[in-house]
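Worksheet for the structure shown next.
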Amino acid sequence: MEKIKRKNYLLPFILLFVFITSILTILNISITYYEIIKFNKETIKSNLKKEINYKVEQFDKNLNEQKAILNTINNSLVFKDYIENNTNKNYINDLFLSLIKSNSDIMQLRYIDENGYEKIRLDRTIENEIINISENNLQNKANRYYFKDTIALKQNQYFISNLDLNIENGKVEIPHKPTLRIATKVQNQNDINKGILIVNIYMKKQLESLVSSEFFNTYIYDDKNNIIFSNNKKYLNFEKYISKKNEIDFLKNNENSKLLLEASNEKVYLSLQAKAVKDMTNSIVSIILEIIIFSIPISIILAYFLSKIPKRLFDKLEEEHDLILYQSKQNAISDMIVMIAHQWRQPLTVISLIAQEIIFSHKFDMLDKKTSEKLGNQLLGKIDQLSLSIDEFRDFFKQNENKLEVNLVNTIEDLKNIVSSNLNESGIKLNVNTLNETIVKNPFKIKTFKSKFNQVIINLISNSINAIENNCEIGDLRTINIDLIRKENSIKVVLEDSGKGIEEKHLSKIFDPYFSTNKKILQGKGLGLYFVKSLVETHFDGTIKAENGENGAKFTITIPISGF
């Protein structure tokens with residue numbers, strides 16, 4: 001076939017891009033004009049009332065969710081037994097951990113006894129790590145205002161602090177951390193005070209959501225007309241903590257305001273004011289001018305370079321089409337599994353806690369009919385939630401993953417727990433060993449793509465389980481050993497099983513797509529090890545080698561520290 005000359009494509013590409021750009025510009029101008037005409041006073045007034053009511057309702061809903069967390073703990077039979085007899089502290093720690101994991105806005109969750117001593121305290125760090133504070137680091141808070149105010153409340157009442165910035169050592173913490181504290185009193189069955197439960201909420205996301213609006217300037221302010229948070233860049237957020245003062249007289253007697261929060265010694269209001277149409281018009285004109293000025297020249301440049309693409313590139317793209325399709329589908333399926341597993345974790349934790357409470361209550365003859373029905377309904381609700389999560393993730397697309405700081409040893413131990421049922425059913429023992437050949441104090445604490453690393457290890461473990469099930473007889477050794485070896489510039493992950501190994505003739509092809517030694521053809525698609533190799537090389541810049549060990553297959557992954 002005669003070589004395609006680029007001059008044959010240049011003019012059509014230019015005309016195509018210019019045509020599309022012109023159509024989009026005309027469409028944008030038409031829609032903008034229509035929106036400006038429609039933007040009248042009655043529409044603004046109607047939308048303002050709806051939006052302010054919706055925002056206040058959402059804020060109340062979030063506030064009630066935090067109260068429900070405290071209520072869940074306070075009404076737990078296990079917690080009541082703990083405050084009375086100081087037993088089952090591990091169950092309470094697990095309950096606190098489950099609740100703080102289920103809500104990413106929680107900065108701190110505490111139980112303080114009637115004398116002001118912190119008994120249980122879980123903190124969330126900047127790195128989103130949840131820390132159970134040791135007894136040696138717990139403090140007495142008897143003189144703090146929130147303890148005094150809460151302990152003076154009646155049962156089932158809630159203390160709500162001012163909406164302020166977190167203060168450490170007498171200074172406002174930088175970066176700013178908007179914080180709200182909610183607390184409730186704890187009493188035993190004889191109405192004797194046993195302390196308080198208190199949760200610290202990180203409010204930045206909620207505040208940003210409240211002030212987010214396309215058509216309105218939104219203000220959150222206190223009863224002294226100090227602006228707490230706003231989407232209007234003209235004013236400072238949390239002005240009362242900053243020396244510069246805002247001009248806030250326009251907030252006085254504002255009819256477009258609504259009470260948002262009634263705290264311990266202040267009231268917080270939400271106000272919406274329509275943005276000036278003139279400002280919107282200027283913004284729209286600016287956007288149109290940018291489209292006219294930049295889009296057409298860029299289209300011409302793109303058309304020029306696209307016209308230079310050789311025809312053989314299209315042929316190559318067609319040849320690789322099937323492989324790209326396959327990789328895309330595999331990535332989508334893998335990500336789907338990861339997301340479903342994450343979605344299921346919290347409901348399963350709650351189910352486990354409810355089950356523990358049933359066992360505990362039954363053991364001490366505390367399980368009456370009313371409690372049984374209540375716990376049963378909670379269980380059914382969580383089971384329905386698990387079922388619904390399948391539909392929720394059916395059309396979920398891949399999202400970019402950021403690197404997280406993880407401990408590889410803990411990560412593998414977590415994966416071990418995930419596959420523990422499979423291991424127990426097959427009678428397989430999984431051992432995790434470490435070796436540090438450096439002077440690094442935390443040799444396996446690495447910032448990496450956690451889910452990708454999990455997929456690599458899970459695939460290798462599953463491969464070993466299948467090998468042991470297919471090749472081992474009753475009485476044979478059934479083990480999987482994972483060795484983590486830290487070297488100066490790399491980390492090695494060595495997985496060796498007792499599944500009788502791989503035939504020598506197959507070793508060179510073990511990472512090929514669609515190649516499998518699995519006798520159960522319907523289960524083994526021949527894609528797992530190819531996928532592992534692709535992840536190791538693409539995402540970690542590493543290598544993977546397969547060989548036969550003493551009792552079975554041995555896979556060695558070498559990842560440079562820079563690859564993480």
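Key figures
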{"item": "Total residues in the stretch 158-183, condition over 28 Å from the mean Cα position of the chain (by Cα) and closer than 18 Å to residue 76 by Cα", "result": "1"}
{"item": "In the stretch 200-223, the residues that are touching an Asp or Glu at 6+ places or on another chain (Cβ under 8 Å) and at pLDDT 90 or above", "result": "201, 202, 203, 205, 206"}
{"item": "Every residue from the stretch 212-223 that is touching a residue at least 24 places away in the same chain (Cβ under 8 Å) and more than 13 Å from residue 52 (Cβ to Cβ)", "result": "221, 222, 223"}
{"item": "Counted residues, the stretch 41-75 - those being in contact (Cβ under 8 Å) with a residue 24 or more places away in the chain and either within 18 Å of residue 221 (Cα to Cα) or in the same structural domain as residue 157 (by TED's automatic domain parsing) (or both)", "result": "9"}
{"item": "Residue 197, sole failed condition from (1) assigned to a loop (DSSP other than H, G, I, E, B); (2) at pLDDT 85 or above; (3) surrounded by 19 or more Cβ atoms within 10 Å (Cβ to Cβ)", "result": "(1)"}
{"item": "Given (1) in contact with an Asp or Glu (Cβ under 7 Å, 6 or more places away or on another chain); (2) farther than 27 Å from residue 145 by Cβ; (3) modelled with pLDDT of 90 or more, number of the condition residue 87 does not satisfy", "result": "(3)"}
{"item": "Failed criterion for residue 209 (all others in (1) in contact (Cβ under 8 Å) with a residue 40 or more places away in the chain; (2) surrounded by 15 or more Cβ atoms within 10 Å (Cβ to Cβ) hold)", "result": "(2)"}
{"item": "Criterion: surrounded by fewer than 17 Cβ atoms within 10 Å (Cβ to Cβ), over 29 Å from residue 356 (Cα atoms) and polar (S, T, N, Q) - qualifying residue of 134, 46, 104", "result": "46"}
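For (1) loosely packed, with under 14 Cβ neighbours inside 10 Å; (2) outside the structural domain of residue 240 (by TED's automatic domain parsing); (3) among the small types (Gly, Ala, Ser), each residue gets a yes or a no:
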| site | (1), (2), (3) |
| --- | --- |
| 88 | no, yes, no |
| 91 | no, yes, no |
| 161 | no, no, yes |
| 175 | yes, no, no |
| 181 | no, no, no |
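The values are calculated or read from the model by the stated rules, or taken from the named source; none is laboratory data. It should be emphasised that the depicted structure is a prediction, and the values quoted were computed from it without experimental measurement. Ideal geometry is used to build each Cβ from the backbone, glycine not excepted, and the neighbour counts take in all protein chains shown.
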